[in-house]
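A.B. asks: First the structure, which I've put down as structure tokens, then a few questions once you've had a look.
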Amino acid sequence: MTDARATIARDIAQALIRCPSVTPKEGGALDLLEALLSEAGFSCQRLVFGEPDEDRIDNLFARIGSGPPHLCFAGHTDVVPPGDEARWSHPPFAAEIADGELYGRGASDMKGGIAAFVAAALAHLGETKTAPKGSISLLITGDEEGVAINGTAKVLGWMADNGHAPDHALVGEPTNPTKIGQEIKIGRRGSLSGRVRIEGHQGHTAYPDRARNPVAGMIAALGAMLATPLDAGSAHFEPSNLQITSIDTGNPATNVIPASIEARFNARFNDAHDAASMEALLLERAAAALAGRELDHTFTFEPASPCFLTEPGPLSEMMSEAVAMVTGHTPALTTTGGTSDARFIKDHCPVIEFGLVNATIHQVDERVALADLETLTAIYGDFIARYFERVG
Ligand SMILES: [Zn+2]
């Protein structure tokens, strides 16, 4: 650690990891950030949504400066559970450092990313504790790893209603597979989960003519759903993908044809589809396979996560330049991986994602190399400087 900003980033990351903020618990993480940012001159708002004792979620919005351009950093302090703590080399909420790596749940996903951005922003503001131009804000939710109902989406609504709509947003999720600077996410695939249920007629396996077996129907329906690619991919996306995650009759007997069968699935879809067109495609394929089989079938879909794409442009260019300046190589612009809260932000302003390495996220011994934390802090610092030099 040579850079003063890096020391600050490390200290903030350690303090945040020591807050046991497993979704939906705040764990002291937002209190800590609020105190730190208030001290640095930010106006802070705690935004609590949801019903008490049910799905109540605490969020933090902090802004410094009042004019445009308004750059918003979005992240989450909630973390997934540590699992069996005995399997960790270092306790998951102790934030211990060993061999240049900081261990703890959330080290990469994404308390380290938040710490890097806060350290970079404080350095940018300098001693004056005022924004030299425009505004910087942080939208920090406690509900990203959960159902995400009372988190980023609702904070964005509050921001829009209260004169805090951002011009551009950066999500600090860990985007790099193995090495910092590999990938900037400019989009994410959508996600659609659902189940298909087929009703037949129960009977003895020795008298199949008196029954209607829904299992054969399910095999045909799922086979048709999977038979050919859902699309060929698009300019910035891989082909959409369907995975069957469960097939179940609940039938313990070997000599009974079951009355019904249910399968569950999840599709990750690109910008060639929206949720409705993906639903329609799956329905159509299953219906064609089940035609003439005298089996009733019903599809039930869960609320889908939309796909998003921020076309390569000034925002991704500025981040690419910052990454190249600090690491010496140009990152790829990708759209792979799971969903993120950027799916909500895209309705308000252009958004990209860049953060730490994601190799250990959600695993036992989640950790971040202190060198990576330092590199990310420098990249964020360079990006912030470029942004306020060039935008608005
Ligand atoms: Zn995350």
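A.B. asks: Extending each Cα 7 Å along its Cβ direction at residue 86 and residue 235, get the distance between those two points in nm, one decimal.
C.D. replies: About 5.5 nm separates the two model spin labels.
A.B. asks: Another question, if that's okay. Could you work out the relative contact order of the chain? I mean the mean sequence separation of Cα pairs under 8 Å and 6+ apart, divided by the number of residues, in percent.
C.D. replies: Details: 888 pairs, mean separation 96.5, N = 392.
Relative contact order for the chain comes out at 25 percent.
A.B. asks: Could I ask something else about it? Within segment 177-213, what residues put their amide N at less than 12 Å from the label point 7 Å along the Cα-to-Cβ vector of residue 245?
C.D. replies: 191-195
A.B. asks: Full extension from residue 161 to residue 348: what is 0.36 nm times the residue separation minus their Cα-Cα distance, to one decimal in nm? Can you show the working numbers first?
C.D. replies: On the way: separation 187, 0.36 × 187 = 67.32 nm, distance 1.19 nm.
Computed gain between residue 161 and residue 348 is 66.1 nm.
A.B. asks: Let me ask another. Nearest 10 degrees, 0 to 90: what angle lies between the long axis of helix 152-161 and the longest principal axis of the chain (Cα atoms)?
C.D. replies: Once rounded, one gets 60 degrees.
A.B. asks: When only Cα pairs under 8 Å and 6 or more residues apart are kept, what is the percent relative contact order across segment 279-380?
C.D. replies: On the way: 51 pairs, mean separation 27.4, N = 102.
It rounds to 27 percent for segment 279-380.
A.B. asks: Past the 20 Å Cα-Cα mark, which pairs from 25/346; 111/179; 25/111?
C.D. replies: Violating the 20 Å limit, Cα to Cα: 25/346.
A.B. asks: At residue 53 and residue 255, where each label point lies 7 Å from the Cα along Cα→Cβ, what is the point-to-point distance in nanometres?
C.D. replies: That separation, rounded to one decimal, is 5.2 nm.
A.B. asks: Going by average Cβ neighbours within 10 Å, how do the peptides 248-256, 313-321, 5-13 rank, with the highest at the top?
C.D. replies: In decreasing order of mean packing, 248-256, 313-321, 5-13 become 5-13, 313-321, 248-256.
A.B. asks: Per residue of the chain, what 222 nm ellipticity follows from adding -39500 (n - 2.57) for every DSSP H run with n ≥ 4, rounded to the nearest 500?
C.D. replies: My calculation for the chain gives -9500 deg cm²/dmol from helical runs alone.
A.B. asks: Could you work out how much longer the chain between residue 299 and residue 197 gets when fully extended? Use 0.36 nm per residue separation minus the Cα distance between them, nm to one decimal.
C.D. replies: On the way: separation 102, 0.36 × 102 = 36.72 nm, distance 0.65 nm.
Additional length available on full extension: 36.1 nm.
A.B. asks: While we're on this one: How many angstrom separate the Cα center of segment 177-234 from the Cα center of segment 105-136?
C.D. replies: 44 Å
A.B. asks: While we're on this one: Which one, 251, 266, 226, is farthest towards the positive end of the dipole of segment 190-301 when Lys and Arg carry +1 and Asp and Glu -1 on their Cβ?
C.D. replies: Working it through, the farthest residue towards the positive pole turns out to be 251.
A.B. asks: Let me ask something else about it. Which residue, chosen from 348, 113, 165, occupies the Cα position most advanced towards the positive end of the dipole of the chain, where the dipole is computed from +1 (Lys, Arg) and -1 (Asp, Glu) charges on Cβ about the Cα centre?
C.D. replies: The residue sitting most towards the positive pole is 348.
A.B. asks: How far apart, in nm, are two points set 7 Å out from the Cα along the Cα-to-Cβ line at residue 365 and at residue 330?
C.D. replies: 3.7 nm
No value in this document is a laboratory result; all are computed from the given coordinates. Predicted model only: the values in this text are computed from it and were never measured. Reconstructed Cβ throughout: ideal geometry from the backbone, glycine too, with neighbour counts over all protein chains shown.
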